[in-house]
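To start, the structure under review is shown below, and the notes come after it.
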């Protein structure tokens, strides 16, 4: 069995056992919208996957995978999204989402300002993303976000920020105490812009 096949089996096992739920969620396209979603909705759950790419200025469409404990836990999670006004579609039973959509979030970024891309290492624990976003504040719009949990001690996230001042952005990244690296390879970044 190859590592790629093992990952496929692991992903199917999580979904098939009811321990992971997949959602397409619509939220406002504005600074701190992702933090608000984490703080109000995700809080206490582990994110298994998160995919996002800036496309429109009025709303953001994200793909999120969440570890859940039971059907009741999933029901509470969806009720929390409803209570906070999020529009969402449960994709947990959709074969297309399992096979393809989870890897295709995005499209061209329209009307972006100056974008800077970073690989950021997160500890694999509930609340790490929320903590990072809280420390970053609401000064920069996130234009791209891609994460998939791999079962290690750390998760690697590709994140894009809109900023006209890279030095200020990197000072804020440094203050989070998460390891980060600026991504400058234009060839690899083109994959996220098509």
(Q) Can you go through 165, 156, 141 and tell me which one is under 30 Å from residue 19 (Cα atoms) and out of contact with any helix residue (DSSP H, G or I) (no Cβ under 6 Å at 6 or more places or on another chain)? (A) 156
Q.
One residue is enough: does the range 155-165 have a residue meeting the conditions surrounded by fewer than 12 Cβ atoms within 10 Å (Cβ to Cβ), at pLDDT 90 or above and more than 20 Å from residue 30 (Cβ to Cβ)?
A. no
Q) In the range 104-119, which residues are in contact with a helix residue (DSSP H, G or I) (Cβ under 7 Å, 6 or more places away or on another chain) and either modelled with pLDDT of 85 or more or on the phi < 0 side of the Ramachandran plot (or both)? A) 108, 109, 116, 117, 118
Q) Which condition does residue 43 not pass, out of (1) surrounded by fewer than 18 Cβ atoms within 10 Å (Cβ to Cβ); (2) modelled with pLDDT under 90; (3) in contact with a strand residue (DSSP E or B) (Cβ under 8 Å, 6 or more places away or on another chain), if it passes all the others? A) (3)
Q: Give the range 47-77 a look and list any residue that's surrounded by fewer than 17 Cβ atoms within 10 Å (Cβ to Cβ) and either in contact (Cβ under 8 Å) with a residue 40 or more places away in the chain or part of a loop (DSSP other than H, G, I, E, B) (or both), or say none.
A: 56, 57, 58, 67, 69, 70, 71
Q) Would you say residue 89 is part of a strand (DSSP E or B), at pLDDT below 95 and surrounded by fewer than 17 Cβ atoms within 10 Å (Cβ to Cβ)? A) yes
Q: May I ask you to verify whether residue 145 is closer than 22 Å to residue 56 by Cβ, modelled with pLDDT of 90 or more, buried (at least 16 other Cβ atoms within 10 Å of the Cβ) and touching a strand residue (DSSP E or B) at 6+ places or on another chain (Cβ under 8 Å)?
A: no
Q) Going through the range 17-46 one residue at a time, which ones are touching a residue at least 24 places away in the same chain (Cβ under 8 Å), over 13 Å from the mean Cα position of the chain (by Cα), part of a loop (DSSP other than H, G, I, E, B) and farther than 16 Å from residue 142 by Cα? A) 18, 19, 43, 44, 45
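The values are calculated or read from the model by the stated rules, or taken from the named source; none is laboratory data. Quick caveat: nothing in here was measured; it's all calculated off a predicted structure. A quick note on method: Cβ atoms are made from the backbone with ideal geometry, for glycine too, and the neighbour counts reach across all protein chains shown.
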